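**Student:** Starting off with a structure, shown below.
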């Protein structure tokens, strides 16, 4: 590739200090983003997708590190490598959030029984358990529920609208006993939206 660019009139200085660092940066963004997604799929039990992502992650990393060694005296290569790592981490987290795979366990603690919140959950077929508990300032109600991550934003908005001072915690859930809540049956959101638009 280097000889090809030279034949096109690209100078050696331009290649070493602009084009090569840019390629290293792009490769690093790619492999770190894939790594973030691979870990997410592993945590959600996606045994078919994770190995494929791992293959491409390793391949891209080898290409990037190979260029580093070929340009070991070029400081811009190191800057591009580090910048690509940071950017790739952000990009991977962005896609992980958008995909919203898996299930979460949500605990909501309020000083009084929230009938409106429970009716909201019943209407959407959310499974939940509401129990009485003792808190620092007296009796409270503790509500447990497991739901898809893609529904979390709507649920938290409802919790805040019912009781803006409600205390809640959120944890990832790898697997549950009920088949219809099983993480393994989850599908990426972008795929669902794509097919829904096609059918429309």
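The values are calculated or read from the model by the stated rules, or taken from the named source; none is laboratory data. If you're wondering where the values come from, they're calculated on a predicted model, not measured in any experiment. Here the Cβ is made from the backbone with ideal geometry for all residues, glycine too, and neighbour counts use every protein chain on show.
**Student:** Tell me the residue from 146, 162, 176, 140 that is modelled with pLDDT of 85 or more and either in the same structural domain as residue 39 (by TED's automatic domain parsing) or under 17 Å from residue 105 (Cβ atoms) (or both), please.
**Tutor:** Numbers: 162 fails: either in the same structural domain as residue 39 (by TED's automatic domain parsing) or under 17 Å from residue 105 (Cβ atoms) (or both); 176 fails: modelled with pLDDT of 85 or more; 140 fails: either in the same structural domain as residue 39 (by TED's automatic domain parsing) or under 17 Å from residue 105 (Cβ atoms) (or both).
Every option except 146 fails the conditions.
**Student:** Here is a follow-up. Mind checking which pairs have a first residue in segment 92-115 that is in a helix (DSSP H, G or I) and a second that is modelled with pLDDT under 85, Cβ under 8 Å, 6 or more apart or different chains?
**Tutor:** Pairs found: 96/40; 98/189; 98/190; 99/40; 99/188; 99/189; 99/190.
**Student:** Residue 64 versus (1) within 28 Å of the chain's Cα centre (by Cα); (2) under 19 Å from residue 167 (Cα atoms); (3) surrounded by 15 or more Cβ atoms within 10 Å (Cβ to Cβ): which is the lone unmet condition?
**Tutor:** (2)
**Student:** Hey, among 84, 45, which residue is in contact (Cβ under 8 Å) with a residue 60 or more places away in the chain, within 30 Å of residue 20 (Cβ to Cβ) and touching a helix residue (DSSP H, G or I) at 6+ places or on another chain (Cβ under 8 Å)? Explain how you work it out, then say what you get.
**Tutor:** On the way: 45 fails: within 30 Å of residue 20 (Cβ to Cβ).
Matching residue, one of 84, 45: 84.
**Student:** Please give the number of the condition residue 89 fails out of (1) assigned by TED's automatic domain parsing to the domain that holds residue 46; (2) surrounded by 15 or more Cβ atoms within 10 Å (Cβ to Cβ); (3) at pLDDT below 90.
**Tutor:** Result: residue 89 passes all but (3).
**Student:** Look through segment 23-76, keep the residues that are within 27 Å of residue 175 (Cα to Cα) and outside any helix (DSSP H, G or I), and return whichever of them is modelled with the highest pLDDT.
**Tutor:** Among those residues, the one meeting the criterion is 48.
**Student:** Next question, about the same structure. From the set of residues in segment 119-143 that are assigned to a helix (DSSP H, G or I) and in contact (Cβ under 8 Å) with a residue 12 or more places away in the chain, which is surrounded by the most Cβ atoms within 10 Å (Cβ to Cβ)? Walk me through how you get there before you give the answer.
**Tutor:** The first filter runs over segment 119-143 and keeps only residues assigned to a helix (DSSP H, G or I), leaving 119-123.
Imposing the further condition that a residue be in contact (Cβ under 8 Å) with a residue 12 or more places away in the chain reduces the set to 120-121.
Details: 120: 17, 121: 19.
So, considering only residues that are assigned to a helix (DSSP H, G or I) and in contact (Cβ under 8 Å) with a residue 12 or more places away in the chain, the one surrounded by the most Cβ atoms within 10 Å (Cβ to Cβ) is 121.
**Student:** Between a residue in segment 12-38 that is more than 18 Å from residue 94 (Cα to Cα) and any residue that is outside any helix (DSSP H, G or I) and at pLDDT below 90, which pairs come within a Cβ distance under 8 Å, given they are 6 or more apart or on different chains?
**Tutor:** 16/71; 16/74; 17/74; 19/10; 20/71; 20/74; 21/74
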